[in-house]
Amino acid sequence: MDKVAVVILNFNGQTYLQKFIPLVVRHTPGYRIYVADNGSTDNSVDFLQNHFPQVTVIRLGKNEGFCKGYNLALQQIDSQYYVLLNSDVEVSPGWIEPLIALMDAQPDIGACQPKIRSYHQRALFEHAGAAGGWIDQSGYPFCRGRVFEVVEPDRGQYDDTVPVFWASGACMAVRASAYHALGGLDNDFFAHMEEIDLCWRLQYAGYRVFSCGESVVYHVGGGTLHKSNPRKTFYNFRNGLALLYKNLPARHFYATLFIRLVLDGIAGMKFLLEGNPADCLAVVKAHFSFYRHLPAWHTKRKSVQARIIDARVVGVYPQSLVWAHFIKGKKYFAQLVS
C-alpha cells in the first residue's frame, strides 16, 4: 500500500495537463501521481505517456462523470490517503505535506483541503472551496472567504487550521478507508456538490473535516462547466435537493425542504427577470428530475440515516444565508460567523 496517491480526473483536458502536471510532478516528490482518464478524445493520454511516464494513467473508457469516474479509479488504487485534484489546479511548493501531516496527527479527520485561491486573480480566494466550506440551515453552501458571489482577498485571515463542514473537491485529501467504507462519492450526483454530500456523511460516521491554512493551491475554476452554463445550474439545484433529502436529520426534514422549495422558486423567477430563461428552465428541470427519481433518493436517505454514528456536525450556519446576505447585507464570512 502506498502512503499517498494524488489522483487527477481528466476529460479532454490536455491544455490543463500541459500547464499544471509539470508543477504537480515537481512539487509532489515521493508520492504516486495518477491520471484517471474519462474517455478523452483529445491527446491527453498520449501527451502523458510521451512526456510524463512517471504518471500512472488509468483508462476508464468513457466519460463516467466526476463521481463515478473517481469511484472507478480509486477502486484500482491501494493507498492510505487519496488526494483528489482537479486538472485545472496549480499546486505550490510544499502544498501536500501539511495536508498529510494533519491527517497523520489526527486519525479522526476524514478529509481536509488547502486554501484555494483564484488562478486568474491570485490575491483572491476561489469560489469553489476558498478556505473551507460551511452550509446554512436551508442547505446553501458558502465558504470562509466566499459568500455567494462575494469573494474575499486572502489577507491571512484564514491561515488557521480548523474544522469545517465540507472540503472542496477541487483539492481534497481524504482517508481511503473512510472513503470506501461510505461508498465514495454518490454516482447519481454526476458532478457538483458531491463533495458536500461526502463530507456530511463523513461527519455522520464520526470523522471530522478540516481546512488546512498552511497549504495553498490556485484553481482556474469552470474547467468542466462554466458557471454561466445552464447544465451547471441544473446540477446545482438538483443536487442541492438530493443533498438535503439524503442527509437532513428527521427533526428538520420537512420544514427545511419546504423552505428550500420556496427559495428555489424565487431563484427561478430571478433568473427569468434577469433575462436568463435557460437558467430558469434548468431550475424547473432540476426539480422534475429530483421528483422523478424520488424513490431512489429515498432509498439513499434510509441508508444514510441508518448508518449515523454521530449526528453532530460542524460548520452549519443556523439561520438563512439568503436573508442574511441579500436582506441584511452581510457580505463576508466574518459578518456571519464570529
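Tabulated values for the structure
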| quantity | calculated |
| --- | --- |
| Unmet requirement for Ala105, which otherwise passes all of (1) aliphatic (A, V, I, L, M); (2) crowded, with 23+ Cβ neighbours inside 10 Å; (3) within 24 Å of Arg144 (Cβ to Cβ) | (2) |
| Test: residue in the stretch 164-176 that is in contact with a Leu (Cβ under 7 Å, 6 or more places away or on another chain), farther than 21 Å from Gln75 by Cα, crowded, with 16+ Cβ neighbours inside 10 Å and among the β-branched types (Val, Ile, Thr) | no |
| Some residue of the stretch 49-62 being among the small types (Gly, Ala, Ser) and in contact with an Asp or Glu (Cβ under 8 Å, 6 or more places away or on another chain) | no |
| Some residue of the stretch 83-92 being of a type in the set (Asp, Glu), at pLDDT 95 or above, more than 22 Å from Arg144 (Cα to Cα) and not in a strand (DSSP E or B) | no |
| Criterion violated by Asn63 - all others in (1) at negative phi; (2) modelled with pLDDT of 95 or more satisfied | (2) |
| Wholly enclosed strands (runs of 3 or more DSSP E) of the stretch 132-193 bearing at least 1 residues out of contact with any helix residue (DSSP H, G or I) (no Cβ under 6 Å at 6 or more places or on another chain) and polar (S, T, N, Q) | 161-163 |
| Candidates Tyr158, Tyr119 - the one that is of a type in the set (Ser, Thr, Tyr), at pLDDT 95 or above and either at positive phi or out of contact with any Lys or Arg (no Cβ under 7 Å at 6 or more places or on another chain) (or both) | Tyr119 |
| Among the residues listed as Ala278, Ala282, Ala242, the single one being farther than 21 Å from Val304 by Cα and under 22 Å from the mean Cα position of the chain (by Cα) | Ala282 |
| Given (1) under 23 Å from Ile96 (Cα atoms); (2) in contact (Cβ under 8 Å) with a residue 40 or more places away in the chain; (3) surrounded by fewer than 18 Cβ atoms within 10 Å (Cβ to Cβ), number of the condition Leu74 does not satisfy | (3) |
| Members of the stretch 22-51 found to be within 19 Å of Ser79 (Cβ to Cβ), touching a residue at least 12 places away in the same chain (Cβ under 8 Å) and either part of a helix (DSSP H, G or I) or not charged (D, E, K, R) (or both), listed by number | Val24, Val25, His27, Thr28, Tyr31, Ile33, Tyr34, Val35, Ala36 |
| Qualifying residue in the stretch 214-235 (condition: without any contact (Cβ under 8 Å) to a residue 12 or more places away in the chain and among the hydroxyl-bearing types (Ser, Thr, Tyr)) | yes |
| Scan of the stretch 40-92 for residues that are closer than 27 Å to Ala181 by Cα and among the small types (Gly, Ala, Ser), ordered by number | Gly61, Gly65, Gly69, Ala73, Ser79, Ser87 |
| Complete set of residues in the stretch 317-333 that are under 22 Å from the mean Cα position of the chain (by Cα) and loosely packed, with under 13 Cβ neighbours inside 10 Å | Pro318 |
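The values are calculated or read from the model by the stated rules, or taken from the named source; none is laboratory data. On a predicted model such as this, the values are computed, not experimentally measured, just so you know. Every residue, glycine as well, gets a Cβ built from its backbone with ideal geometry; the counts of neighbours run over all protein chains shown.
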